[in-house]
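For reference, the structure discussed in these notes is given below.
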Amino acid sequence: MTEDEPLVNDEDLYCIGCGAKIQTTDRDAPGYTPESALKKGMENNELYCQRCFRLRHYNEIVPVGLTDDDFLKLLSQIRDADALIVYVMDIFDFNGSVIPGLHRFVGNNPVLLVGNKEDILPKSLRRSKLKDWLRQRANEAGIHPIDVALVSAKTNQSVDSLLVQIDKYRKNRDVYIVGVTNVGKSTLINQIIRQNTGKADLITTSRFPGTTLDRIEIPLDDDHFLVDTPGIIHAEQMAHYLNGNDLKIVTPQKSIKPKVYQLNEGQTLFFGGVARFDYENGPKNGFTVYAENNLYIHRTKLENADSLYEAQLGKLLSPPSTEEDIEAFPKLVRHELKTAKKSDLVIEGLGWVTVPEGVVVAGWAPEGVAVILRDAMI
């Protein structure tokens, strides 16, 4: 090989971080790696594309030219596979975790539903009740899982139990891990790899959507594979409207500490500038908030809420915090709800407010982010 001859030619090489095919010619396309870095990566047997290298070492996201259709085409390979489908969802953002039309990709393959970020839930929340609720919501979305598991990929909680379930249900087949971006799918894969190989953080993970660019195959012990598929980009996620620093403030990071607010009719709670809760009608009551512990919650009168939001977005009511993010942030949409029994008003991706029976409330969330009412979990 001469000095001018490219290192990538007949032999296909793939980034071990995101799965993209390595190439050295197009800086803006997936898999780009400078030839100097490629040579070093091959020598060290740790080959990362430039995008993953920057993401791992500098937490710097580099956009690439893949569309939603590209992701869906990659995911459609599942239809022709004989495999167990492990469907990873964010417990705090079920609607944002739904892959539209997943049943078309699954075919006749069984689905094991995995609710991630279980460690953040209060201990008082009954896990069996949560599993039943996740199964019901999945059924509404056209998915009928053979079982439901709860894990924390970040802390490795219950991953052992999940592996036992996977082994039970896969029956000498491949295993496909699917999920939308930002639900912790690649983090879960990393925990599985760590337990099986001892290598840490092999797959690129970040708070940014769209990290895994192509399927990544991890060998199992019977000539089959565990396959990490690309994360489908779901536009209706709170994560898509905030930068990385603001997302840390909004997305629960540790076990939630409930906060109780005694509210009179006509009072409002602001969750930074990203959401809002109005107590429209009813006697004085206690409302319990389950959200990120560091998220600023501001109480005010309902009659002042609109003008306060307009004047204080990005200031008192933050996040969003930067001028650019404030300009791009969607308008808040109102969802009025009346409770027939004790219920949780859920703002997907943020948390929930436990509401007493027989009152009228309204939840406000960015346009496209779901606000739903469910039976109280606690």
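The values are calculated or read from the model by the stated rules, or taken from the named source; none is laboratory data. Just so you know, these numbers come straight off a predicted model, no measurement behind them. Cβ coordinates were reconstructed from backbone atoms using ideal geometry, including for glycine residues, and neighbour counts include every protein chain displayed.
Summary table
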item: Pair list, Cβ under 6 Å, 6 or more apart: segment 298-322 residue closer than 14 Å to PHE277 by Cα, other residue of a type in the set (Asp, Glu) and outside any helix (DSSP H, G or I); result: LEU302/ASP278
item: Residue under evaluation PRO330, criteria (1) under 30 Å from ASP132 (Cα atoms); (2) in a loop (DSSP other than H, G, I, E, B), criterion not met; result: (1)
item: Test: residue in segment 2-14 that is at pLDDT 65 or above and surrounded by 17 or more Cβ atoms within 10 Å (Cβ to Cβ); result: yes
item: Search result, residues across segment 94-132 that are modelled with pLDDT of 95 or more and on the phi > 0 side of the Ramachandran plot; result: none
item: Selection from segment 297-322 of residues that are under 17 Å from ILE249 (Cβ atoms), of a type outside the set (Lys, Arg) and not in a strand (DSSP E or B); result: GLN312, GLY314, LEU316, SER318, PRO319, PRO320, SER321, THR322
item: Residues located in segment 348-370, provided they are surrounded by 17 or more Cβ atoms within 10 Å (Cβ to Cβ), aliphatic (A, V, I, L, M) and modelled with pLDDT of 95 or more; result: VAL353, VAL355, VAL359, VAL361, ALA362, ALA365
item: Segments classed as strands (runs of 3 or more DSSP E), wholly inside segment 224-291, with at least 3 members that are at pLDDT 95 or above and outside the structural domain of LYS341 (by TED's automatic domain parsing); result: none
item: Extreme residue, modelled with the lowest pLDDT, among residues of segment 160-205 that are under 20 Å from the mean Cα position of the chain (by Cα) and among the polar types (S, T, N, Q); result: THR204
item: Spans of helices (runs of 4 or more DSSP H) in segment 76-167 with at least 1 residues farther than 20 Å from GLY351 by Cα; result: 102-106, 127-140
item: Evaluation of GLU60 against (1) in a helix (DSSP H, G or I); (2) modelled with pLDDT under 80; (3) not aromatic (Phe, Trp, Tyr) (one fails), failing number; result: (1)
item: Residues satisfying the stated conditions in segment 318-347, i.e. surrounded by 15 or more Cβ atoms within 10 Å (Cβ to Cβ) and of a type in the set (D, E, K, R); result: ASP325, LYS338, ASP344
